[in-house]
Amino acid sequence: MPYSMTRWNDGLDEVERVSPDITDETNALPARYFTDPDVYEMEKQKVFGQYWIYAGHTNCIPEVGDYYTRTIGDREIIVVRDHDDEVRAFYNVCAHRGSAMVDETPMTDPDNARRIRCPYHLWTYDLDGSLTSTPASFEDARLNPDLEDEDVGELDAEENALMEVRSDRIGPFVFVNFAEDPMSLDEQAGTMKAELEALPLEEYQLARRIVSEVECNWKTFGGNYSECDHCQANHQDWITGIALDESELEVNDYHWVLHYTHAEDVDDEMRIHDEHEAKFYYLWPNFTVNMYGTADGYGTYLIDPIDEERFQLVADYYFKDPDLSEEEAEFVRTSRQLQEEDFELVERQYRGLRSGALAQAQLGPNEHTVHKFHLLAQEAYEA
Amino acid sequence: MSQQRRTPFAATCTACGVDRETASANEIVAFYRRHHRHTGHDVEVTRADVDGDVPDTDDLETVVAELEEHYEEGVPIGVVAAAMARRGRSVGETLEEIHEVRMTGALYEPRHDHLAAF
């Protein structure tokens with residue numbers, strides 16, 4: 001039987017890379033990856049600048065010209081439905097002198113525009129990003145005595161288009177990727193893409209968005225979401241009706257699925273999917289899809305970092321009718337209860353991690369989803 | 001059992017039922033901006049332990065001018081939001097009014113997110 005020993009910051013032990021063998025005592029990320037501000041700065045490039053990141057839901061921008069903005073790390077983008085009914089993403093940056101063009105516009109309160117216009121010098125772009133017009137002052141040299149009008153070059157519509165951000169979808173979920181040569185979304189999402197696209201997710205509307213700020217590293221919450229060893233002791237209301245012993249945590253290349261079996265069967269009308277269970281998907285690095293076992297609806301979590309010690313949990317709830325029934329409102333309230341219980345746990349864990357006593361945590365044998373999560377973080381850091 | 005110390009500032013988004021406690025007044029404003037970016041929701045200041053008397057007026061310029069006596073290099077914008085909260089204004093409403101008054105030239109920022117009256 002393997003023997004393991006806690007790696008304290010006591011001058012005796014050194015931290016090691018995350019071992020691919022979960023039975024090793026160094027099976028978790030060293031603690032400093034959760035608390036060091038330099039790590040978060042690195043993650044902006046090596047995690048949030050390399051992998052497919054959730055940008056929003058297509059149902060929120062149903063009409064041509066509908067758009068919302070989204071900020072990922074330091075990058076602000078516009079997600080817009082173009083004239084061909086395609087959802088595209090662009091940096092919210094004018095090609096002229098780099099001004100941000102549109103005001104921050106949340107997905108919950110989208111705006112509509114026939115064209116995207118920079119308010120600074122009125123460069124104007126079509127919804128496909130191409131430059132459609134500039135003021136006359138960019139076509140002649142009337143104020144510059146050193147130039148003749150014929151010296152002024154033409155501004156080509158395509159060569160001066162907005163900078164597009166690579167985007168792709170899983171059903172109605174829009175993802176963006178800032179890397180120059182990324183893996184495909186198909187590869188990152190794996191079987192999760194086909195499983196979700198087999199479901200009528202487009203038939204459901206965003207009914208509630210609740211955004212909470214939590215005092216811990218985003219990965220601390222990600223790890224907590226990914227295992228249920230803590231559920232028996234800490235989610236006593238929720239686990240009533242869940243057969244934890246029959247549940248299973250399934251690990252794939254870049255996502256994992258938590259299958260929670262209900263102790264008693266639930267009517268098919270109370271689920272979108274066929275399996276008689278709740279299915280919670282975690283897609284690396286910070287997106288979850290919550291296919292409930294007891295509600296005709298689904299939810300998503302975006303675990304959106306603020307810095308190394310805080311994140312926002314953007315919790316979206318989708319139902320057939322955006323006006324919630326009493327039962328659906330009660331379902332959301334129960335979900336909020338679960339979140340608050342988890343926030344207390346992760347903030348408590350983070351308080352301990354920040355004290356600096358623990359050099360490297362160790363994971364249990366049933367925390368293999370968290371192990372995968374830590375391995376992926378390490379892979380991203382070392383790339 | 002330890003007792004957590006009460007933070008001097010707190011705000012809430014009633015739409016989300018989410019509260020935020022902070023050590024600094026300007027962090028209330030930062031919370032509003034982050035929250036609004038995702039939700040479009042406004043937030044209310046629910047607690048503000050501000051030094052000195054809060055001016056008894058609705059006039060933003062006067063509020064900033066009187067609070068300036070207690071601060072060097074401008075009044076933190078969160079302190080102004082806290083003062084205006086006592087007059088029933090949300091953080092979003094105060095920031096909008098600050099923007100409007102700044103655009104008239106009557107207020108300026110001697111440093112980022114700190115206000116002074118011209």
- Task: Place a +1 charge on the Cβ of each Lys and Arg in the protein assembly as shown and a -1 charge on the Cβ of each Asp and Glu, then give the dipole magnitude about the Cα centre in debye, rounded to the nearest 20.
- Result: 1080 debye
- Rounded, prolate or oblate: which one fits chain A, using the alpha carbon gyration tensor with axes a ≥ b ≥ c (rounded when a/c is under 1.5, else prolate when a/b beats b/c, else oblate)? oblate
- Query: Got the relative contact order for chain B handy, in percent, Cα pairs under 8 Å and 6 or more residues apart?
  - Reply: 24 percent
- Message: Could you compute the net charge surrounding A:SER4? Neighbours are other residues with a C-beta less than 10 Å from the C-beta of A:SER4; K and R count +1, D and E count -1.
- Response: -1
- Along the charge dipole of the protein assembly as shown, Cβ charges K/R +1 and D/E -1, which of A:ALA233, A:THR58, B:THR94 sits furthest on the positive end? A:ALA233
- Item | Of A:LYS219/A:LYS372; A:LYS44/A:LYS193; A:LYS44/A:LYS219, pairs whose Cα-Cα distance is over 18 Å | A:LYS44/A:LYS193
- Helix A:37-46: angle to the longest alpha-carbon principal axis of chain A, degrees 0 to 90, nearest 10? 60 degrees
- Mean residue ellipticity at 222 nm from the helices of the protein assembly as shown, using -39,500 (n - 2.57) per DSSP H segment of n ≥ 4 over the full residue count, to the nearest 500 deg cm²/dmol? -7500 deg cm²/dmol
- Item | Cβ-based charge dipole, the protein assembly as shown, positive-most Cα from A:ALA295, B:VAL80, B:GLY52 | B:GLY52
- Which loop-located trypsin sites (Lys or Arg not before Pro) does the stretch A:247-332 contain, where loop means any DSSP state but H, G, I, E or B and the Cβ has at most 10 other Cβ atoms within 10 Å? none
- Note on the structure: Farthest towards the positive end of the dipole of the protein assembly as shown, among A:GLY356, A:ASN177, A:PRO30 and with Cβ unit charges of +1 on Lys and Arg and -1 on Asp and Glu, lies the Cα of A:GLY356
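Would you mind calculating the relative contact order of chain A from Cα pairs under 8 angstrom and at least 6 residues apart, reporting the percent as a whole number?
Once normalised by length, the contact order is 22 percent.
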- Task: Go through chain A and flag any cysteine with no other cysteine's C-beta closer than 4.7 Å, please.
- Result: A:CYS60, A:CYS216
- Message: Within 10 Å of each candidate Cβ there may be at most 16 other Cβ atoms; applying that plus a DSSP loop requirement, which trypsin sites (Lys or Arg not before Pro) in the stretch A:1-86 survive?
- Response: A:ARG17
- Does a label point 7 Å from the Cα of B:PHE118, set along Cα-to-beta-carbon, have any residues of the stretch B:63-106 with amide nitrogen under 16 Å, and which are they? B:64-65, B:98-106
- Task: Whole Å is fine, so just give me how far the alpha carbon centre of the stretch A:359-383 lies from that of the stretch B:83-118.
- Result: 46 Å
- Task: Determine the dipole magnitude for the stretch B:9-117: charges of +1 sit on the beta-carbon of Lys and Arg, -1 on that of Asp and Glu, nothing else is charged, the reference point is the Cα centre, and the result goes in debye to the nearest 20.
- Result: 620 debye
- Query: In the stretch A:262-359, what GluC sites (Glu not before Pro) fall in a loop by DSSP, with at most 12 other Cβ atoms inside 10 Å?
  - Reply: A:GLU264, A:GLU275
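Coordinate-derived values only; no laboratory data. Note that the structure is a prediction, hence the values are computed from the model and not measured. Positions of Cβ are backbone-derived with ideal geometry, glycine not excepted, and every protein chain shown enters the neighbour counts.
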